[in-house]
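A short reminder: the numbers here are calculations on the coordinates, not readings from a lab. Since we're looking at a predicted model, the values are computed, not measured. Cβ atoms come from the backbone with ideal geometry, glycine included; neighbour counts cover every protein chain shown.
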Amino acid sequence: MTEAVVEQVDILIIGAGPVGMTLHLALAAGGQKSLLVDRRPQHLQQNDPRALALSHGARQLLEQIKAWPTRAATPIETIHISQKDGFGRTLIDHSDYDLPALGYVVRYRDLAAALATQLLADALLDNVEILDITPADDHVTVALRHAGALRTLKAKMLIHAEGTPGDDPTVKVSDYHQHAVIAEITPQPGHQNRAWERFTPDGPLALLPLGNEYSVVFTLPPAKADAVMAMDDAGFTAALQNQFGSRMRFAKPGPRSRFPLFLRLREKLVQGNEVWIGNTAQTLHPVSGQGFNLGIRDAWQLAEILLNNGVDRNSLARYAASRRLDRQGSAFFTDQIVRTFSNNFGPLKVVRGLGLLALDLCPPARHFVAKRMIWGARAWP
């Protein structure tokens, strides 16, 4: 085995998923070098079939680094929001905001590919084993193994973008006691670029237009998720139909997968010369599709501050302060939606219905919600 090679880098980014690559490319566009490292082989991202809901605001940011997957993105022109077995609904339409779409649905692999094509050949070390991370006063040392060689990287700044954290005492975890069952299914008639957010006592049901299909996020208590995963295609289609209602018919479901749902919030975004962004900093419930868009905004805000103020601890403190409103607001918004709507309490169902009706009848209130879904804290107040 070869001896360790010591390298000096300004910025080291651990995690070469879409958030990490967005940060790297945004920095590069401003003339700041950084190095990406990832524990996974890069090609594995090309096999990831998950669908992502991206806001129009995220598209605007990704277009600036030439990484918007135009051909692979299905526009969301309207969003229909309602509750099962209850009155009240609201409809959000892109034409109210003079936008081509409220958002877009993109496969993870297509977004990752669009970002990866913009990387220079020496921008990424993938399939690495990270052996040790040692903070110091003015740098962070990372020891790793790559292609059989030990390497030591001394970075002025270490940025964590690895994705959802494992057990970590600095991350506050709240269990929703829900699982998301993910699948694709064919709507009859076609989806007409409409997304649906249907609130049920079991949890939210989201239908996101993807190509000619719907990407389904079917939220259920764990035991019901077990049952749905065990069903044949006809049984799954019937269960989905029962939860959604009769407005549309479904056929030809694809393969299903599932994952448990938690709210994870890291107590401190910054520690010394290290900073955490994206799902490493916060993991939200998928309702309203806020989590990934929040991660893209994390990356963009951090790049802007580092480019304008330099690579130092003062910039990291400025970043942590700048993200407080967007981060806490998005987490509170999604958390309260889930806790308010995921029950069958009669009086609360009436209140929910009145709230949905008020959004529909009061354009300023509806626009307030819609603009924050599209642009996050950039739309405040």
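Taking 8 Å as the Cα distance limit and 6 or more residues as the minimum spacing, I'd like the relative contact order of region 18-149 as a percentage.
32 percent
Expected output is a single nm value to one decimal: the length gained when fully extending between D137 and Q118, i.e. 0.36 nm times separation in residues minus the C-alpha distance. What is it?
Stretched fully, the D137-Q118 segment lengthens by 3.5 nm.
Just how far, in whole angstrom, is region 105-140 from region 1-73 if you go by their alpha carbon centroids?
Using only Cα atoms to place each centre, the spacing works out to 6 Å.
In what order do W276, W68 fall by count of nearby beta-carbon atoms within 10 Å, going from fewest to most?
Lowest to highest Cβ neighbour count: W68, W276.
Under a 5 Å amide H to amide H cut-off, with H placed in plane at 1.01 Å, what residues pair with R258 once short-range neighbours are removed?
HN-HN under 5 Å from R258: I182.
Among F341, F262, what is the fewest-to-most ranking by other Cβ atoms within 10 Å?
F262, F341
Per 0.36 nm of contour for each residue apart, how much would the distance between T170 and N47 grow if the chain were fully extended, relative to their Cα-Cα spacing?
41.1 nm
Pop out the ³J(HN,Hα) list for region 42-59 in order, Karplus 6.51 cos²θ - 1.76 cosθ + 1.60 with θ = phi - 60°, rounded to Hz; leave Gly and Pro as x.
4, 5, 5, 5, 6, 9, 8, x, 4, 9, 10, 9, 10, 6, 4, x, 5, 4
To the nearest 20 Debye, how big is the dipole of region 249-328 about its Cα centre, given +1 on the beta carbon of each Lys and Arg and -1 on that of each Asp and Glu?
540 debye
May I ask you to derive the FRET efficiency for S246 and F333 from their Cβ-Cβ distance with R0 = 25 Å, giving the value to the nearest 0.05?
The computed FRET efficiency comes out at 0.25.
Order 128-139, 91-102 from most to least packed using the mean count of other Cβ atoms within 10 Å.
91-102, 128-139
Which value results when the Cα radius of gyration for region 108-262 is divided by 2.2 N^0.38 Å?
In units of the globular-protein estimate, region 108-262 measures up at 1.44.
Say each of K154 and S257 gets a label point 7 Å from the Cα, pointing the same way as Cα to Cβ; how far apart are those two points in nm?
According to this spin-label approximation, the distance is 4.1 nm.
How would F250, F292 line up from fewest to most surrounding beta-carbon atoms within 10 angstrom?
Fewest-to-most ranking of F250, F292: F250, F292.
Which aspartates and glutamates have a Cα less than 13 Å from the Cα of K84, not counting those fewer than 8 places away in the same chain?
E197, D202
Mind listing the long-range amide H neighbours of R50? Cut-off is under 5 Å, sequence gap 5 or more, other chains count too, H placed in the peptide plane at 1.01 Å from N.
Residues meeting the amide H criterion: Y108, R109.
Can you give the extra length, in nm with one decimal, that the chain gains between N314 and T70 once fully stretched, where that is 0.36 nm per residue apart less the Cα-Cα distance?
Taking N314 through T70 to full extension adds about 84.1 nm, to one decimal.
For a protection proxy built on the mean count of beta-carbon atoms within 10 angstrom, sort 70-82, 115-127, 17-29, 149-161 highest first, please.
Top of the packing list down: 17-29, 149-161, 70-82, 115-127.
Could you give the nm distance between label points at S95 and Q8, where each point is 7 Å from its Cα heading toward the beta carbon?
With each label point 7 Å from Cα toward Cβ, the separation is 6.1 nm.
List the lysines whose Cα lies under 30 Å from the Cα of K268, skipping any in the same chain that are fewer than 8 positions away.
Partners found: K33, K154, K156, K172, K371.
Calculate how steeply helix 363-375 sits against the longest principal axis of the alpha-carbon atoms of the chain, using the helix alpha-carbon long axis, and give the answer as 0 to 90 degrees to the nearest 10.
Result, in degrees: 30.
Given labels modelled 7 Å from the Cα in the Cβ direction, how far is it in nm from A147 to A230?
5.0 nm
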